[in-house]
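Quick notes on the structure that follows.
The values are calculated or read from the model by the stated rules, or taken from the named source; none is laboratory data. Computed from a predicted structure; not experimentally measured. We place every Cβ from the backbone using ideal geometry, glycine too, and count neighbours over all the protein chains shown.
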Amino acid sequence: MSEKDILILAVETSCDETAAAVVKNGRTVLSNVISSQVPLHTLYGGVVPEIASRKHIEKIIPVIREALKDADTALSDIDAVAVTYGPGLVGALLVGVSAAKSIAYAAGKPLVGVHHIEGHVAANFIEHPDLEPPFACLVVSGGHTHLVEVLDYGVFRIAGSTRDDAAGEAFDKVARAIGLGYPGGPKIDRKAREGDPFSIPFPKAHVEGAPYDFSFSGLKSAVLNYLNHRKMQGLGISEADVAASFQKAVVDVLTEKAMAFTEEKGYRKLAAAGGVASNSALRASLAGACAARGIRFYVPSPLLCTDNAAMIGCAGYYEFMKGERSGLSLNAVPNLKLGNR
């Protein structure tokens, strides 16, 4: 290891994954440990914040220890501790922030607070060494749907966002409505492969005067109305056809807006980020649309699309190198806006 190598210990607890990682020079992942709570929350049909917080408390220290061990790194070797401080579930965030502050204080290391969505965008840097700002990025997750310009590392300009449900939220609600359960995104992705995406013409919303904003609540309502109508008439329902048609409506809108935005701004690079970016239909649609236009398409592998600490370590590295530091007064900010520090 050269003298110039920078090691970041990263912590992520914004929702229901307890995660820690060690990242070298922003792009080399030495360890990436994730303790998932999905089986636990599946019992309730979604994430229960109180249960998530309690489970983070149980897992946070063992996960951090495992990350350091897997990276063959001592705490004394770490240059800084990076942690997600928002947005997310406030109780869950507090566990990670408290642990990171304690470790930074005890070890005498700088603390760097990281925006969760900045981390998702940064996941692209880990697997794509050639990707540098500026570029366009579609951020699609359970709580966010944004079209952004990545002007520099950690510098964003939001061009569009959702007016109501985020794409991932719509996936979860529709999955629950058709009986697939939680987590909705992966289940709809799998079920849709068995169905006909053209069987049901679900609507695609466009926001007047805001071409890059999204709205998915109308689509969600259309699916619920379709299901209720079929039930009232005593007609059968094809879960696969509903899943495929719903997914197509979401993917088409995301792709159309992402391509229009990228071309209007003159970018030749488009990245996708967030949990929904692991959806196979969306990945294929964006890749095909970019290839047809001569635009380079970047997306992390599915594991790095979902919540993990490696992406926080990557984002934290670039914030650290810019001189950003967080004091021990750092607090969880559940509604943190992108671009705010």
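Just one of Val38, Val47 is hydrophobic (A, V, I, L, M, F, W, C) and touching a Cys at 6+ places or on another chain (Cβ under 9 Å); which is it?
The unique qualifying residue is Val47.
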Residue that is surrounded by the most Cβ atoms within 10 Å (Cβ to Cβ) [pool: residues in the range 100-114 that are under 26 Å from the mean Cα position of the chain (by Cα) and closer than 16 Å to Ile6 by Cα]: Val112
Only one residue in Val38, Val23 is closer than 20 Å to Ile117 by Cα and assigned by TED's automatic domain parsing to the domain that holds Ala310. Which one? Val23
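Any idea how many residues of the range 233-252 are surrounded by fewer than 20 Cβ atoms within 10 Å (Cβ to Cβ) and in contact with a Gly (Cβ under 8 Å, 6 or more places away or on another chain)?
4
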Checked the range 10-46 for anything aliphatic (A, V, I, L, M) and modelled with pLDDT under 95; matches are Val38, Leu40, Leu43
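Can you go through Asp196, Asp213 and tell me which one is among the charged types (D, E, K, R), assigned by TED's automatic domain parsing to the domain that holds Lys269, farther than 30 Å from Val112 by Cα and surrounded by 14 or more Cβ atoms within 10 Å (Cβ to Cβ)?
On the way: Asp196 fails: surrounded by 14 or more Cβ atoms within 10 Å (Cβ to Cβ).
After ruling out the rest, the residue left standing is Asp213.
Can you tell me how many residues in the range 32-45 are touching a Lys or Arg at 6+ places or on another chain (Cβ under 8 Å) and under 22 Å from Leu303 (Cβ atoms)?
Here the count works out to 3.
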Which listed residue, of Ser14, Ser35, is surrounded by fewer than 23 Cβ atoms within 10 Å (Cβ to Cβ), over 15 Å from Ile103 (Cβ atoms) and hydroxyl-bearing (Ser, Thr, Tyr): Ser35
Scan of the range 144-157 for residues that are farther than 15 Å from Leu254 by Cα and not acidic (Asp, Glu), ordered by number: Val150, Leu151, Tyr153, Gly154, Val155, Phe156, Arg157
Note down all Cβ pairs under 6 Å where the first residue falls in the range 156-178 and is within 22 Å of Val114 (Cβ to Cβ) and surrounded by fewer than 18 Cβ atoms within 10 Å (Cβ to Cβ), the second is modelled with pLDDT of 95 or more and of a type in the set (Asp, Glu), and they're at least six residues apart or on different chains. Arg157/Glu149
Does Leu180 fit the bill of being over 16 Å from the mean Cα position of the chain (by Cα) and assigned to a strand (DSSP E or B)? no
crowded, with 18+ Cβ neighbours inside 10 Å and either modelled with pLDDT of 95 or more or of a type in the set (A, V, I, L, M, F, W, C) (or both), is that true of Asp189? yes
Would you kindly identify the helices (runs of 4 or more DSSP H) lying entirely within the range 253-341 that contain at least 3 residues that are touching a helix residue (DSSP H, G or I) at 6+ places or on another chain (Cβ under 8 Å) and surrounded by fewer than 20 Cβ atoms within 10 Å (Cβ to Cβ)? 280-293
Residue check for Leu227: touching a Pro at 6+ places or on another chain (Cβ under 9 Å) and either not in a helix (DSSP H, G or I) or not small (Gly, Ala, Ser) (or both): no
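To keep it simple, each residue is scored yes or no on (1) under 14 Å from the mean Cα position of the chain (by Cα); (2) part of a helix (DSSP H, G or I); (3) closer than 30 Å to Ser221 by Cα.
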residue: Ile117; (1), (2), (3): yes, yes, yes
residue: Ala123; (1), (2), (3): yes, yes, no
residue: Glu132; (1), (2), (3): no, no, no
residue: Leu138; (1), (2), (3): yes, no, yes
residue: Gly142; (1), (2), (3): yes, no, yes
residue: Leu147; (1), (2), (3): yes, no, yes
residue: Ser161; (1), (2), (3): no, no, yes
residue: Gly168; (1), (2), (3): yes, yes, yes
